[in-house]
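A.B. asks: I have a structure I would like to understand better, so I am pasting it below and will then ask my questions one at a time.
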Amino acid sequence: MILHVLERALASGVGRVVVAAADEEIVACVRNAGGEVVLTDPELPSGSDRAHAAAELLDPERRHKVVVNLQGDLPGLDPQSLRAVLAPLSDDAISIGTLVAPIHDAEEAAADSVVKVACAFQDNGVAGTDAVARALYFSRVAIPWGAGPLWHHVGVYAWRRDALERFVALPESILERREKLEQLRALEAGMAIGCARIPVAPFGVDTPDDLARARRMIERASA
């Protein structure tokens with residue numbers, strides 16, 4: 001699955017792609033496939049911490065000013081989405097870019113596993129794909145209340161390097177602990193998160209059933 005995600009990251013053309021691994025088995029797998037990989041401390045608590053650790057190991061001179069954190073559980077991600085996640089950083093006031101996709105039905109809106117974002121696009125989410133909206137809050141419940149589009153958060157982040165360094169040094173925040181969403185730590189610390197839209201949320205792999213479904217999807221796409 002990680003190799004499929006690696007292929008999509010490379011296909012995006014956004015820059016150097018490195019797998020930040022937590023164990024030697026993943027390191028060997030990526031190296032055998034010809035990918036670039038770095039081993040990080042397995043005790044790191046989150047993907048953001050792992051991305052920061054990898055950046056520090058690979059680029060101590062800080063030549064790279066932006067780090068994109070793509071988790072290894074999104075084998076169906078469209079490579080163009082990695083280009084889209086950079087769009088919010090065109091605004092100097094934005095510290096972190098991320099992705100949202102429209103929620104299509106009540107089941108998706110009600111699912112605790114689907115993180116929702118309160119954000120407002122100027123065209124109400126009807127036209128265009130390149131607009132950016134500020135994230136006001138993230139939750140596992142459907143927000144905001146009332147008529148209008150709901151947005152599914154896609155957990156891909158484009159970090160300004162200094163923002164990522166600041167974030168990993170912050171303690172776990174109150175709302176982060178309550179919702180179990182680390183991006184709330186950034187909002188509570190006053191960091192601005194910008195959301196770019198993509199048409200459809202990519203399928204994530206969190207359970208054995210998800211993995212079986214992902215394998216079927218990949219097999220059909222390769223047929």
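A.B. asks: How much net charge surrounds L77 when only the other residues with a Cβ under 13 Å from the Cβ of L77 are counted, with Lys and Arg +1 and Asp and Glu -1?
C.D. replies: Neighbour charge sum, excluding L77 itself: -1.
A.B. asks: How far is it, in nm, from the label point at S113 to the one at E36 when both lie 7 Å from their Cα along the line to the Cβ?
C.D. replies: Roughly 3.3 nm, to one decimal.
A.B. asks: Next up: Once phi is turned into ³J(HN,Hα) by the Karplus curve 6.51 cos²θ - 1.76 cosθ + 1.60 with θ = phi - 60°, what whole-Hz value does each residue of segment 79-89 show in order, with x for glycine and proline?
C.D. replies: x, 5, 5, 6, 6, 5, 5, 7, 4, x, 6
A.B. asks: Using 10 Å bins from zero, what percent of all Cα-Cα pairs in segment 56-176 falls into each bin?
C.D. replies: Each 10 Å bin holds this share of Cα pairs: 11, 39, 37, 12, 2.
A.B. asks: Using a cut-off of 12 Å between beta-carbons, work out the net charge of the residues near I96 (Lys and Arg +1, Asp and Glu -1, I96 not included). Mind showing how you got there, number by number?
C.D. replies: On the way: positive: R134, R160, R161, R166, R185; negative: D91, D162, E182.
Result for the local shell: +2.
A.B. asks: Can you grab the distance from the C-alpha centre of segment 130-175 to the C-alpha centre of segment 1-40, Å, no decimals?
C.D. replies: If we compute the Cα centre of each part, the gap is 25 Å.
A.B. asks: Which value in deg cm²/dmol, rounded to the nearest 500, describes the helix-derived mean residue ellipticity at 222 nm for the chain, given -39,500 (n - 2.57) per DSSP H run of n ≥ 4 and division by the residue count?
C.D. replies: On the way: 9 runs with 79 residues, N = 223.
Using -39500 (n - 2.57) per qualifying helix, the result is -10000 deg cm²/dmol.
A.B. asks: Springs between alpha-carbon pairs under 10 angstrom, Gaussian network model over the chain: which of D92, D112, D41 fluctuates most?
C.D. replies: Greatest mean-square fluctuation among the candidates belongs to D92.
A.B. asks: Apply the a/c threshold of 1.5 to the C-alpha gyration tensor of segment 10-76 and tell me whether it is rounded, prolate or oblate. Before the final figure, lay out the partial values.
C.D. replies: Details: a/c = 1.37, a/b = 1.08, b/c = 1.27.
Note, shape of segment 10-76 comes out rounded.
Laboratory data are not the source of any read-out in this text; all were calculated from the coordinates shown. Being a predicted model, the structure only gives us computed values, none of them experimental. Because the Cβ atoms are built from the backbone with ideal geometry, glycine has one as well, and the counts that use them run over all protein chains shown.
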